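Input: a single structure, listed below in structure tokens.
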Amino acid sequence: MALVDSNGQFLLGYPVDTAGAVSDKTLQGATKMQLSANFGEPQATENITMGVNLPSDAEVIGADVEFDPNDATTYSASSSVTIFDNGGNQNQLQFSILKLRTHRQRIRHSSMILKCLLMEWK
């Protein structure tokens, strides 16, 4: 299947060699971009590796504070990462980071979101 724009004109691309380098940069060397109809089976996200750097001025969370993903005063920072279920559908895994007085950081997930994702993955 060739890629076309809204005017029906073909999207052209340059061929590459086995190392990924463009082998012909001339207009004559450009070819119609093609999409394969087969993309393989979707795969669920199984592992995530991330590096997290908490800002030095992030709020310290006391040991007596009960974590609540809906209350920003119970964690120091939060973020999310896109993951995929076994059907190839995108989901957002949200996580919260707590800065403790011991200079150790704990990461807590939003249990409601994680439970939902785990149910989809079974």
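Can you tell me which residue within the range 67-103, out of those that are of a type in the set (A, V, I, L, M, F, W, C) and touching a Lys or Arg at 6+ places or on another chain (Cβ under 9 Å), is farthest from Met50 (Cα to Cα)? Can you show your working first?
The initial filter retains those residues of the range 67-103 that are of a type in the set (A, V, I, L, M, F, W, C), namely 67, 72, 77, 81, 83-84, 93, 95, 97-98, 100.
Subsequent filtering for residues that are touching a Lys or Arg at 6+ places or on another chain (Cβ under 9 Å) retains 67, 77, 95, 97-98, 100.
Values: Phe67: 22, Ala77: 15, Phe95: 12, Ile97: 13, Leu98: 16, Leu100: 20 Å.
So the residue we want is Phe67.
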When the residues of the range 15-42 are filtered to those that are open to solvent by 100 Å² or more (accessible area, probe 1.4 Å) and out of contact with any Phe, Trp or Tyr (no Cβ under 7 Å at 6 or more places or on another chain), which remaining residue is farthest from Ile97 (Cα to Cα)?
-> Gln28
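Residues checked against (1) acidic (Asp, Glu); (2) at pLDDT below 85; (3) in a loop (DSSP other than H, G, I, E, B); (4) closer than 30 Å to Asp5 by Cα:
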site	(1), (2), (3), (4)
Ser36	no, yes, yes, yes
Glu41	yes, yes, yes, yes
Ala44	no, no, yes, no
Asn53	no, yes, yes, no
Gly62	no, yes, yes, no
Asp68	yes, no, yes, no
Thr82	no, no, no, yes
Gly88	no, no, yes, yes
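The values are calculated or read from the model by the stated rules, or taken from the named source; none is laboratory data. Keep in mind that what you see is a predicted model, and the values were worked out from it rather than measured. Methodologically, a virtual Cβ is constructed for each residue, glycine included, from the backbone with ideal geometry; neighbour enumeration extends over all protein chains shown. Areas reflect the complete protein model, heavy atoms only, side chains present, ligands, DNA and RNA absent. Shrake-Rupley method; radii C 1.70, N 1.55, O 1.52, S 1.80 Å.
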